[in-house]
Amino acid sequence: MPAGPGSHGHAQVDPLGALRTPADPTWDVYLTGTVFLDIIFTGLDSAPVRGTESWARGMGSSPGGVANMATALARLGLRTSLAAAFGDDHYGDYCWDALEQGEGIDLSPSRTVPGWHSPVTVSMAYEGERTMISHGHEPPPEEPAPDCLPRARAAVASLTPGRPAPWIARAAARGTRVFADVGWDETGAWDLAGLADLAHCEAFLPNAEEAMRYTGARCPRAAAHALTEHVPVAVVTLGAEGAYAVDRRTGESAEVPAIAVEALDPTGAGDVFVAGFVTGSLAGWRLADRLAFAGLTAALSVQEFGGSLSAPGWTEIAAWWREVQSVDSQDPAALRRYAFLADLVPGELVRPWPLRRAVPTIGFRCPA
């Protein structure tokens, strides 16, 4: 059973190891959505200027879209199953191989669609921001979610206003814990009644603007409390301020400030945050630790280029933990906030900091 190998080595920590029993579901997390091929240009000093040609100093290619979330989960050691449609072109083959062979993600619920071109996104990263151009053909008419869902402890869903996804209710009815985020409401309605699947979710993780628009609250923290009338756990991301969470069932609330880092590319950071929170939730950590871990994984991801390329694994987490403990001027309160890592990260994972991962290129083959 794969525990989530990644392109930079197999996941060497199983955050659920102490909880596993023979009666457990086969998979820790199930998710479904659209896989893009991401091509990321890096090393741009500024935005491209109209009528000129810009040369990038670096370029990487990787599966994107829902693959960002799937990769982040797998690299944190969760057994991950993905249902998605793949084109029958070289891009689709590359994405399939990168996810199944490179990251150890189960693709048995996925399928290849004859004659369908893989969606492609080109991303240009500069000045800590990104500009993206995407292209895709009409998606396959069938939902990628299979009629018979794989058994999983949890599922991650992206809610769409006014468009319920039947698989979410089916998964929740089987005891799967559903964690959901949401995109921008293009209709402008911002009506929670339009998120019918929220009733089947354990946790909802919008950003501050989304949370305030959906609840009418004037501040993100009030919005989080208002959301717990609709879902047990509300987590509101606050950008550079960190994140705030409320658990209606336990009465817990927690706020964790963001980690100050030099951000190179924010692509996929939201997916990594959700993956970190799901990991801590399945492991049974207290709310503040879940929030701190999610923020840490997101902070590590923005220091690398790309979406799935930048998702950190336990090697990166271990290296960061050793590095911050070595700083003499480190705030003791900040160290205590992440003290739960001490019992998770074995010393043999540690490598010199900072780490740089290899960036894969389509068609490249290592010499034999």
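The values are calculated or read from the model by the stated rules, or taken from the named source; none is laboratory data. Everything numeric here is computed off the predicted structure, so don't read it as measured data. Cβ coordinates were reconstructed from backbone atoms using ideal geometry, including for glycine residues, and neighbour counts include every protein chain displayed. Areas reflect the complete protein model, heavy atoms only, side chains present, ligands, DNA and RNA absent. Shrake-Rupley method; radii C 1.70, N 1.55, O 1.52, S 1.80 Å.
The set of residues in the range 82-99 that are open to solvent by 30 Å² or more (accessible area, probe 1.4 Å) and either within 16 Å of residue 33 (Cβ to Cβ) or of a type in the set (Val, Ile, Thr) (or both) contains only 96.
In the range 1-23, the qualifying residues are those that are within 25 Å of residue 148 (Cβ to Cβ), open to solvent by less than 50 Å² (accessible area, probe 1.4 Å) and at pLDDT below 95, and the one that is nearest to the chain's Cα centre (by Cα) is 4. The set of residues in the range 89-133 being over 27 Å from residue 261 (Cβ atoms) and polar (S, T, N, Q) consists of 101, 108, 110, 112, 118. Within the range 100-134, take every residue that is at pLDDT 90 or above, open to solvent by 30 Å² or more (accessible area, probe 1.4 Å) and in a strand (DSSP E or B) and give me the one that is nearest to residue 293 (Cα to Cα). Once the filter is applied, the top-ranked residue is 122. When the range 135-155 is filtered for residues that are part of a loop (DSSP other than H, G, I, E, B), hydrophobic (A, V, I, L, M, F, W, C) and open to solvent by less than 30 Å² (accessible area, probe 1.4 Å), the ones remaining, listed by number, are 145, 149. Checking each residue of the range 278-289 against the condition of being closer than 30 Å to residue 121 by Cα and either part of a helix (DSSP H, G or I) or open to solvent by 10 Å² or more (accessible area, probe 1.4 Å) (or both) gives at least one match. Taken together, the residues in the range 305-327 that are of a type outside the set (A, V, I, L, M, F, W, C), at pLDDT 85 or above and out of contact with any helix residue (DSSP H, G or I) (no Cβ under 6 Å at 6 or more places or on another chain) amount to 4. Restricting attention to the range 184-230, the residues that are of a type in the set (A, V, I, L, M), surrounded by fewer than 21 Cβ atoms within 10 Å (Cβ to Cβ) and not in a helix (DSSP H, G or I) add up to 2. The residue that is farthest from residue 32 (Cα to Cα), among those in the range 141-192 that are out of contact with any strand residue (DSSP E or B) (no Cβ under 6 Å at 6 or more places or on another chain) and among the basic types (Lys, Arg), is 174. Looking only at the range 238-255, decide whether some residue is at pLDDT 90 or above, crowded, with 23+ Cβ neighbours inside 10 Å, of a type in the set (A, V, I, L, M, F, W, C) and not in a strand (DSSP E or B). No, that holds for no residue. If you filter the range 34-45 down to residues that are in a loop (DSSP other than H, G, I, E, B) and open to solvent by 60 Å² or more (accessible area, probe 1.4 Å), you find that the one that is modelled with the lowest pLDDT is 45.
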